Amino acid sequence: MKFQRKKRENVDITLISMIDVLFVLLLFFMVSTSFNQHTEVNIKLPEAEGSAAEEHPKTVSLMIDADGIYSLAGDDGLSHQLIDQSRAGLKQELSKLAENSKDVPFIINADDKTPNKAVMTALDIAGQVGFSHITFATLHPTE
């Protein structure tokens with residue numbers, strides 16, 4: 001038995017047939033693909049009716065300035081600075097307001113210059129006296 005290898009001829013790879021196949025595929029995709037210039041998404045936006053005065057007839061607003069000074073704003077839009085700025089004084093004023101209006105929104109107005117301790121004190125006391133809807137808002141500095 002002879003186990004000798006036969007010499008192989010040089011293998012030539014021709015790319016001409018591969019190019020033909022790629023060209024046919026490219027033509028197929030070009031013919032079968034459609035392009036749209038405008039794509040629209042129909043969105044139904046929510047609508048609201050009524051006025052803000054009907055939804056929230058009364059709010060309690062506590063404003064805290066950059067020095068940590070508390071001021072209460074009434075329904076008439078006028079604010080008055082609390083005389084006693086201590087924790088006990090703030091609790092006394094808020095408990096008077098909470099007797100008649102625990103279910104109205106309680107808004108804490110402060111900005112980034114307000115000390116965190118003053119905001120956390122107001123939040124803590126508002127929860128202690130019984131306000132159930134506590135909201136934060138940002139004051140814009142007056143120029």
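Things worth noting here:
- Looking only at residues of segment 100-142 that are under 23 Å from the mean Cα position of the chain (by Cα) and among the β-branched types (V, I, T), we find that the one that is most open to solvent (accessible area, probe 1.4 Å) is T138.
- Selection status of L97, open to solvent by 50 Å² or more (accessible area, probe 1.4 Å), at pLDDT 75 or above and not small (G, A, S): yes
- A count restricted to segment 98-124 and to residues that are polar (S, T, N, Q), free of Cβ contacts under 8 Å to residues at least 40 places away in the same chain and closer than 15 Å to A66 by Cβ stands at 1.
The values are calculated or read from the model by the stated rules, or taken from the named source; none is laboratory data. Only a predicted model underlies this, so the values are computations on that prediction, with no experimental measurement involved. In this analysis, Cβ positions are derived from the backbone assuming ideal geometry, glycine residues included, and neighbour counts consider all displayed protein chains. For the accessible areas, the whole protein counts, side chains as well, though only heavy atoms, and no ligand, DNA or RNA atoms are used. Shrake-Rupley method; radii C 1.70, N 1.55, O 1.52, S 1.80 Å.
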